[in-house]
Amino acid sequence: MTDVLQDKRPSVQPSGPLVSVQGMSKYFDVSPPFLTRVLQGRPRRALRAVDDVSFDIPHGSTFSLVGESGCGKSTVARLLVGLYQPTQGEIYFDGSAVSQLKTRRHLADFQRRIQIIFQDPYASLNPRWRVRDIIAEPVRTHRLLPEGAALRKRVAELLDHVGFSNKDGEKYPHEFSGGQRQRISIARALAGDPEFLVCDEPTSALDVSVQAQILNLMKDLQKELGLTYLFISHDLAVVSHISDYLGVMYLGRLVESGTASDIFNDPQHPYTRMLLDAIPDLEMSGRKRIPVAGEVPSPMAPPAGCHFHPRCPFADARCREEIPGITESKNVRVRCHAVEEGRLTPEVLAEAAAART
Amino acid sequence: MGASQSNSQQGPLNSRQGQAGASEEAPHGRLHRIFDSDIWHSFSHSPITVLSAIITLLFFLAAIFAPLIAPYTPFQAGSLHLMDGFTPPFEQGMSGNFYVFGTDDQGRDVFSAIIYGARISLLVGFCAVLFAMVLGVTLGLIAGYRGGWVDTVIMRIADVQLSFPAILVALLIFGLAKAMIPRDYQENMAIYVLIISIGLSDWVQYARTVRGTTMVEKNREYVQAARVIGVRPAVILFRHVLPNVMGSVLVIATIGLALAIIAEATLSFLGVGVPPTTPSLGTLIRIGNDFLFSGEWWITIFPGIALIMLALSVNLLGDWLRDALNPKLR
């Protein structure tokens, strides 16, 4: 690494996780307008997009969040990068609480060290800016390098990093394809030499062949620069390719989290089982699966108790009333009464699979 | 940067981009790109637009180079021949001077007066549009980006103002300013007051359009990316959002220029605009109006035709620009 900004990073890796999320919740106020509330006597309403979510991301690892559309994955991403403020709970970045970053200097440092890559490569680059200005934006904003030769060199370096020639910096975003734009987004995210990248479905708008290219680029960059990723996706194949740790979200709650290999090999939560069983696989043909049944309920009126109970083949009266707490089971943290009570024996699971097919 | 791994992997991609870039940039200069663009194509294939562009350009040139083009200096009392008063068009006055559009009661050449008048009209129109644009765009950006009560306050004021005719608002502001400025300065200040009152009566359009576009743009991911980077809101507004709303602003500004010229003429015709010592087109029409029924029609008709031509061609240009920049109408 001949990186000019490299020496700003602490040489000794601290022992704690780089990012730690503790009991984070985000409620959106979706009440009708004030006048409607008064005239029609309608109450205030809150949408619980993220509800009591906790997880840690160690230095240099990739934590993936998966879940169906509308389960709050993207809200978590936006909370982590500071686009939203959590309603409850706290985010710790490198040991310090993010909400306590009051001075401009501390905030700027946090903003430099944490970056985001968005899903839509067509909306995430300003159509009126040249690519080199887009990439230089974090450097200019934080005044990391003076204008002129040093900045030009840094931009050329970043372009090279994501597989472009220096000449491409003169072009405008519309001259590039989706995958190329996503690489420009990555170059911009890397410009301030961050430690933590939040990737909000960075590949879901791309062709499968380009997806692999972007994923490989991200893995290479992680190895080279020691980056830590929060990777958000609904594509389990992509997730299994890139993750060290995995979190499964359902309607704003983190229902299962642990190392990716533990969860992929032996999922605990019934929802995770359903998701994994839904992956088409050439070798597993003929195996009994628990098919994904039903639809995600409206987050405006989530079911009481465990949010998953209307779709869960193992739900009982307790699941319908009581919100499950976190239990440790076989190295993973699960929110499920059935797992906690040990009801999910192999016989029960086989029976459920037989009944559903 | 130790990127050999990623380099080898993206090698073929690189070369493909290189070719694409080369073929695009090959021998074309910036000028060639302009003549090759859709806008130019749409412009050159619309004869009315070309004609109005030529007329507008002529007015602009005449206004800028008025002292060189005008055959007489109509507003220097010393150079006037009183005996040439009321010379009809295309005739020689008693002094032997030839007048294309005739003269008024004091022997001023109507043609020269129109050229100098267009100068004032265009100046006032331009400055008023600029003032309205700066005010409206700034307020629109703030309202759209901040939202909440700031948005409500700004847009309610805009709504209230929009419920009155623009010319009434301009009259009101003009009257107010006149009451506040000492009499001695009124003549000198009149043109500035005129610019501000027309500008203040016209900012709402810009504010509404820009607010709408800003509300769309601020939720786009490039703005959010800038926020994550830590770019300050003012910088986001002026460097990210503003370039993306300028297209629609340009269209409104062009049509607004025609409206501002007409507003200025209306105010001057009503006698509250620029003083008769430096008349605009509107003032000329008003002066000529006094003689219309005594048969000296040319004093008012020629400035009137000039005003119509100017306003119409600017308006047509604006219409064309709106259609050309709107991909849905192509």
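Descriptive notes on the structure:
- The HN-Hα couplings worked out from phi for region B:42-56 by the Karplus form 6.51 cos²θ - 1.76 cosθ + 1.60 (θ = phi - 60°) are 5, 5, 6, 9, 10, x, 4, 5, 4, 4, 5, 5, 5, 4, 4 Hz, whole numbers, x standing for Gly and Pro.
- For chain B, relative contact order (Cα pairs under 8 Å, six or more residues apart, normalised by length) works out to 21 percent.
- Here region A:16-248 exposes an accessible surface that is 51 percent carbon and sulfur, computed with a 1.4 Å probe and the other protein chains kept in place.
- Angle in degrees between helix B:110-146 and the longest Cα principal axis of chain B, rounded to the nearest 10: 30
- Check: the protein assembly as shown dipole with +1 on Lys, Arg Cβ and -1 on Asp, Glu Cβ, in debye: 960
- Relative contact order computed over region A:16-248 (Cα-Cα under 8 Å; 6+ residues apart), in percent: 28
- Dipole size of chain B about its Cα centre, with +1 on Lys/Arg Cβ and -1 on Asp/Glu Cβ: approximately 1500 debye, rounded to the nearest 20.
- Projecting the Cα atoms of B:Leu259, A:Val53, B:Ile55 onto the dipole axis of the protein assembly as shown, where Lys and Arg carry +1 and Asp and Glu carry -1 at the beta carbon, places A:Val53 farthest toward the positive end.
- Label zone at A:Arg45, where the point sits 7 Å out along the Cα-to-Cβ direction: region A:296-331 residues whose backbone N lies under 16 Å: A:297-304
- Residues whose placed amide H lies under 5 Å from that of A:Thr62, excluding near-sequence neighbours: A:Tyr229, A:Asp244, A:Tyr245
- Region B:316-322 - phi-based ³J(HN,Hα) in whole Hz, Karplus 6.51/-1.76/1.60, Gly and Pro as x: 5, 4, x, 4, 4, 4, 4
- Degrees between helix B:242-269 axis and first principal axis of chain B (Cα, 0 to 90, nearest 10): 10
- Accessible surface of chain B, 1.4 Å probe, proportion on carbon and sulfur as whole %: 67
- Each of B:Phe293, A:Ser25, A:Ala150 was placed along the dipole of the protein assembly as shown (beta-carbon charges, centred on the mean Cα), and the one lying farthest toward the positive end is A:Ser25.
- Contact residues in region A:92-132 (at least 50 Å² less accessible area with all protein chains than alone, 1.4 Å probe): A:Phe118, A:Ala123, A:Asn126, A:Arg128, A:Trp129.
- Sorting A:Tyr92, B:Tyr116, A:Tyr250, A:Tyr122 on solvent-accessible area from highest to lowest, probe radius 1.4 Å, gives A:Tyr122, A:Tyr92, B:Tyr116, A:Tyr250.
- At least 50 Å² of accessible area lost relative to the chain alone, listed for region A:156-187 with a 1.4 Å probe: A:Asp160, A:His161, A:Gly163, A:Lys167, A:Lys171
- Helix B:148-162 vs. chain B, principal-axis angle (Cα, 0 to 90°, nearest 10): 30
- Per-residue HN-Hα couplings for region B:196-213 [Karplus 6.51, -1.76, 1.60; θ = phi - 60°; Hz; x = Gly/Pro]: 5, 5, 5, x, 5, 7, 10, 6, 4, 4, 5, 4, 5, 4, 5, 4, x, 5
- For B:Gly85, residues with placed amide H under 5 Å, excluding near neighbours: B:Gly107
- Heavy atoms of chains A and B lose about 3500 Å² of accessible surface on contact, summed over both sides with a 1.4 Å probe.
- Å² of accessible area per residue within the protein assembly as shown, as computed with a 1.4 Å probe and no ligands counted: 48
- Long pairs among A:Lys73/A:Lys171; A:Lys73/A:Lys153; A:Lys102/B:Lys218, criterion Cα-Cα beyond 29 Å: A:Lys73/A:Lys171; A:Lys73/A:Lys153
- When +1 charges are put on Lys and Arg Cβ atoms and -1 charges on Asp and Glu Cβ atoms, the dipole computed for region A:24-111 relative to its Cα centre reaches about 540 debye.
- Amide proton proximity set for A:Val19, modelled H, under 5 Å, gap of 5+: A:Ile57, A:Asp94
The values are calculated or read from the model by the stated rules, or taken from the named source; none is laboratory data. Just so it is clear, the structure is predicted and the values come from calculations on it, not from any experiment. Positions of Cβ are generated from backbone atoms using ideal geometry, with glycine treated the same way; all protein chains shown enter the neighbour counts. With ligands, DNA and RNA removed, areas are computed over all heavy atoms of the protein, side chains included. Shrake-Rupley method; radii C 1.70, N 1.55, O 1.52, S 1.80 Å.
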